[in-house]
1. Given the convex hull of the Cα atoms of the stretch 69-126, what is a quarter of its surface area in nm²?
2. From the C-alpha coordinates alone, can you work out the Kirkwood hydrodynamic radius of the stretch 78-229, in Å?
3. With N set to the residue count of the stretch 184-227, report its C-alpha Rg divided by 2.2 N^0.38 Å to two decimal places.
4. Given a 1.4 Å probe and every protein chain left where it sits, what share in percent of the accessible area of the chain is carbon and sulfur?
5. Where the Cα atoms of the stretch 107-149 are projected onto their three principal axes, how long is each span, largest first, in whole Å?
6. Give the accessible surface of the chain per residue, rounded to a whole number of Å², with probe radius 1.4 Å and ligands, DNA and RNA excluded.
7. Projected area of the chain, taken from the Cα convex hull and averaged over every viewing direction, in nm²?
8. For ARG105 and ASP277 in one chain, what is 0.36 nm times their gap in residues minus the Cα-Cα distance, to one decimal in nm?
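The values are calculated or read from the model by the stated rules, or taken from the named source; none is laboratory data. These figures come from a predicted structure and were not determined experimentally. Heads up, the Cβs are rebuilt from the backbone with ideal geometry, glycines too, and the neighbour counts pull from every protein chain shown. To get the accessible areas, we keep the full protein, side chains included, count just its heavy atoms, and leave off ligands, DNA and RNA. Shrake-Rupley method; radii C 1.70, N 1.55, O 1.52, S 1.80 Å.
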Amino acid sequence: MLDIDLHSHSTHSDGLLMPAELVARAFAQGVKTYALTDHDELSGLNEARQAAETHGMKFVSGVEISVSWATDTLHIVGLNFDPKHADIVGGLRHVRAGRHRRAERIAADLQRSGIEGALNGAQRYARNPDLLSRTHFARYLVEQGIVKDTASAFKRYLTAGKPGYVEHQWATLTQAVGWIIAAGGVAVIAHPGRYKLNNRERETLLGEFRDLGGAGVEVVTGSHTVAEYATWARYAQRYGLTASAGSDFHGPGESYLDLGKLPDLPYGLTPVWQSFDLA
């Protein structure tokens, strides 16, 4: 098992645990190098860093940026950057500004499907009012007994073509990668196996990402099968990208993989963390 986890979420975006609680859980399960990567948000990093120092862990600053690319929504993880740099702080502020408008449209769509009170219900689950997400709506749908779990909520209501899905213009790939690089960090494509891209689209994305200065791709992640580990290992090697690993942990009972449960990277890959100065 890897003792590194470079993708997880706290209550500062759509996770269930506070940053210090996440770090404590990671430490208890053998993680030695940890990154908090909340969606479009940096406010949990100080608490997580302090907790990591208390446990004697190495901490990596992180964020997961929402990106509109072609007709898809992608996520780009930024790692090991200066969280006070003006470019990334300002860029993320702009991204967050559109989230509430999207939430209102999601609630209106759900109401047309006969689901009342979704906006207020989702807001009860969002400790950070600036980061109201589809996950918070999913938890409300579970609470109301409309679906059995959050995965079912996404499948039935909150993905493309379903009653509660709303198209939204996020950051561009150029912007997201640029903000991360300007802040001294490395950009990584998050859980690439989740995106409904054909082979040509995958290759276009990877080439564009690399040419913009993108550094890595998540190979081992809670969203990938064992077969997908091998697939994305080949893509990483073909495009000269480093390999990252992260559970994408959101909370107990809601995640495919827990903190501290990541298998080793496939043989022959260069780990993204090899370039980090974490002494």
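1. 5.8 nm²
2. Taking the inverse mean of 1/r over all distinct Cα pairs, the stretch 78-229 comes out at 17.3 Å.
3. Cα-based Rg divided by the globular estimate yields 1.19.
4. C and S atoms contribute 49 percent here.
5. Principal extents (Cα only, largest first): 26, 22, 13 Å.
6. With all protein chains present, the chain gives 44 Å² per residue.
7. Convex hull of Cα atoms, orientation-averaged projection: 13.4 nm².
8. Fully extending the segment from ARG105 to ASP277 adds 57.6 nm.
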